[in-house]
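The values are calculated or read from the model by the stated rules, or taken from the named source; none is laboratory data. This one's a predicted model, so the numbers in the text were calculated from it and none came from an experiment. Cβ: placed from backbone, ideal geometry, glycine included. Neighbour counts: every protein chain shown.
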Amino acid sequence: MSLVKSISGIRGTIGGPVGEGLTPVDIVRFTAAYATQRRAQMPDNNKVVVGRDARLSGHMVEPIVCGTLMGMGFDVVNIGLASTPTTELAVIGEKAAGGIILTASHNPKQWNALKLLNANGEFLTDAEGKEVLKIANDQAFEFAEVDNLGHMAHKDYLPYHIEQVLNLKLVDREAIAKRNFTVAIDCVNSVGGIAIPAILRALGVQNIIQLNCEPTGHFAHNPEPLPQHLTQISDLLKSGKADVGFVVDPDVDRLAIICENGDMFGEEYTLVSVADYVLSQTPGNTVSNMSSTRALSDITRLHGGEYKASAVGEVNVTTLMRQFGAVIGGEGNGGVIYPECHYGRDALVGIALFLSRLAHETMTVSELRKTFPNYCISKNRIDLRPDMDVDAILAHVKQVYQNERINDIDGVKIDFADGWVHLRKSNTEPIIRVYSEAATMEEANAVAQKVIDEVWKS
């Protein structure tokens, strides 16, 4: 069993001994700790939003979280089956003290998590997250007496979310409807099966081919939207039945695009394509994390803007976006963050902007993909032995490549003229992640192996 405690939330496998999995006892403890931290931050606001994806354990986790919050004296706005971005927007809409999203994102069905939001509908900062973990460890919380218990209201925030997307200036519903696209979708049997057909219909798409859209929690395939898991929708597109395919993860903050010929558009290029459209209409700056493709930097410069890379983690991306005044940003895992809507990865926003862009083009999706700088990312790992000093390893790598451009805000990233390598210690496993990018996969693998060889020399 596994229980992973981090600043952004608590995730774990369901069941097992207390403290070793996401058990009811652990759910109460961390929910109460979060409520304690929220009360300290916002003593005059006792409202918290709760939303969940469709995974099987949600029926168990949801009442425990809601009951604990009410037991701490908080009023709960329970929005039921809802995507992560919908829950984030609901926090803003309700002017709540925060929110809890019950989702383990792309993890398999045995996992669930409590993702913790602040009053802006964004993930907790590093300091806020550490405070929650400290409170949970000390069990420094006090439950409300009977006259001070919270209450619960049930609301549906999907219509509000869709309205916010349709109101975006760069979303062109009329152009989308006029093109009469046929769109195939795979929503991996979670809340995307509710949200994605709804946003497509609102955008004027009449022809929708739905795969795995029943929100049963019985995932039809591995829920991470990677090419090896998307053969069903790829085969459908190869048959010529649709103009484009969209795939989301269980909580609908990641978006993968499939070309009309069944080829993968490339998860890294979801953000690139949407950013290219946004920058063509509203020039400005962009941000993504250090492990995302260089193509975003390339197109940003072509549009006259500046690009910056943040540490890995959505809260790090959004923080830098604010500081840098970025008009668009996100992560290379298919996460589009468009501040005109909200500061959170949002597949509904990504779909609306992508279709708006496609509606104004005469080219197919595969032809559009060819217009962007082409890079390949290789993802490798180094399994750590107990005697290995990660800080010393990274220091050695920095020394070896001191004549290259080095960024060490999150591990070590080495920028070469024709590619890059990023090494960072995993927060959840005893490994060093080694991501690399170059013009071809062979070159990306080669440059990664060269740096890995240096690690073993250290």
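Determine if the range 194-216 includes at least one residue that is buried (at least 23 other Cβ atoms within 10 Å of the Cβ) and within 23 Å of Ile14 (Cα to Cα). Looking for residues that are buried (at least 23 other Cβ atoms within 10 Å of the Cβ) and within 23 Å of Ile14 (Cα to Cα), one finds none in the range 194-216, hence no. Within the range 136-144, none of the residues are of a type in the set (A, V, I, L, M, F, W, C), touching a strand residue (DSSP E or B) at 6+ places or on another chain (Cβ under 9 Å), closer than 29 Å to Tyr338 by Cα and touching a residue at least 40 places away in the same chain (Cβ under 8 Å). Take Leu166 and decide whether it is in contact (Cβ under 8 Å) with a residue 12 or more places away in the chain, surrounded by fewer than 20 Cβ atoms within 10 Å (Cβ to Cβ), closer than 28 Å to Lys95 by Cα and not assigned by TED's automatic domain parsing to the domain that holds Thr68. Answer is yes for this residue. Of all the residues in the range 41-52, those that are more than 26 Å from the chain's Cα centre (by Cα) and either free of Cβ contacts under 8 Å to residues at least 24 places away in the same chain or more than 15 Å from Leu124 (Cα to Cα) (or both) number 4. Contact map, the range 233-245: residues that are in the same structural domain as Gln206 (by TED's automatic domain parsing) paired with residues that are at pLDDT below 95, Cβ distance under 8 Å, separation 6+ or inter-chain. Pairs shown: Ser234/Pro227.
The residue of the range 402-421 that is surrounded by the most Cβ atoms within 10 Å (Cβ to Cβ), among those that are over 25 Å from Gly9 (Cα atoms) and in contact (Cβ under 8 Å) with a residue 24 or more places away in the chain, is Val421.
Considering each of Thr84, Thr125 in turn, give the residue that is buried (at least 24 other Cβ atoms within 10 Å of the Cβ) and polar (S, T, N, Q). Write out each step before concluding.
On the way: Thr125 fails: buried (at least 24 other Cβ atoms within 10 Å of the Cβ).
Answer to the check: Thr84.
When restricted to residues that are of a type in the set (Ser, Thr, Tyr) and under 16 Å from Glu122 (Cβ atoms), the range 288-341 contains 4.
Residues checked against (1) within 30 Å of Ser356 (Cβ to Cβ); (2) touching a Ser or Thr at 6+ places or on another chain (Cβ under 7 Å); (3) charged (D, E, K, R):
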{"site": "Arg369", "(1), (2), (3)": "yes, no, yes"}
{"site": "Ala392", "(1), (2), (3)": "no, yes, no"}
{"site": "His396", "(1), (2), (3)": "no, yes, no"}
{"site": "Val412", "(1), (2), (3)": "no, no, no"}
{"site": "Leu423", "(1), (2), (3)": "no, no, no"}
{"site": "Val447", "(1), (2), (3)": "no, yes, no"}
{"site": "Asp453", "(1), (2), (3)": "no, no, yes"}
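Among the strands (runs of 3 or more DSSP E) confined to the range 1-107, the ones with at least 2 residues that are among the hydrophobic types (A, V, I, L, M, F, W, C) are located at 3-6, 47-52, 75-81, 98-102. Taking the range 416-438 as the range and being modelled with pLDDT of 95 or more and touching a Gly at 6+ places or on another chain (Cβ under 8 Å) as the test, the residues that pass are His422, Leu423, Ser436, Glu437, Ala438. Note on the range 123-211: enclosed helices (runs of 4 or more DSSP H) holding 2 or more residues that are at pLDDT below 95 are 126-138. For the range 232-255, a residue qualifies if it is farther than 19 Å from Met363 by Cα, not β-branched (Val, Ile, Thr) and not in a loop (DSSP other than H, G, I, E, B), and the qualifying residues are Gln232, Ser234, Asp235, Leu236, Leu255.
In the range 32-67, which residue that is of a type in the set (S, T, N, Q) and more than 26 Å from Val252 (Cα to Cα) is surrounded by the most Cβ atoms within 10 Å (Cβ to Cβ)? Working first, answer last.
Going residue by residue through the range 32-67, those that are of a type in the set (S, T, N, Q) are 36-37, 41, 45-46, 57.
Keeping just the survivors that are more than 26 Å from Val252 (Cα to Cα) gives 36-37, 41, 45-46.
Details: Thr36: 20, Gln37: 26, Gln41: 15, Asn45: 17, Asn46: 21.
Restricting to residues being of a type in the set (S, T, N, Q) and more than 26 Å from Val252 (Cα to Cα), the top hit is Gln37.
Could we say that His360 is within 28 Å of the chain's Cα centre (by Cα) and under 30 Å from Ile208 (Cβ atoms) here? Show your work before the answer.
Values: within 28 Å of the chain's Cα centre (by Cα): yes; under 30 Å from Ile208 (Cβ atoms): yes.
The answer is yes for His360.
Of all residues in the range 372-387, at least one satisfies being modelled with pLDDT under 95, of a type in the set (Asp, Glu) and either touching a Gly at 6+ places or on another chain (Cβ under 9 Å) or not assigned by TED's automatic domain parsing to the domain that holds Ile199 (or both). Among the numbered criteria (1) of a type in the set (D, E, K, R); (2) modelled with pLDDT of 95 or more; (3) under 15 Å from the mean Cα position of the chain (by Cα), which single criterion is violated by Glu340? If we test Glu340 against (1) of a type in the set (D, E, K, R); (2) modelled with pLDDT of 95 or more; (3) under 15 Å from the mean Cα position of the chain (by Cα), just (3) comes out false.
For every residue, the table says whether it meets (1) surrounded by fewer than 20 Cβ atoms within 10 Å (Cβ to Cβ); (2) of a type outside the set (Lys, Arg); (3) within 21 Å of the chain's Cα centre (by Cα).
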| site | (1), (2), (3) |
| --- | --- |
| Phe74 | no, yes, no |
| Gly80 | yes, yes, yes |
| Ala104 | no, yes, yes |
| Gly121 | no, yes, yes |
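Considered as a group, the residues in the range 312-356 that are among the hydroxyl-bearing types (Ser, Thr, Tyr) and farther than 15 Å from Ser273 by Cα include one that is surrounded by the fewest Cβ atoms within 10 Å (Cβ to Cβ), and that residue is Thr319. Checked against the criterion of being surrounded by fewer than 21 Cβ atoms within 10 Å (Cβ to Cβ), in contact (Cβ under 8 Å) with a residue 40 or more places away in the chain, among the charged types (D, E, K, R) and not assigned by TED's automatic domain parsing to the domain that holds Met70, the candidates Asp186, Asp172 yield just one match: Asp172.
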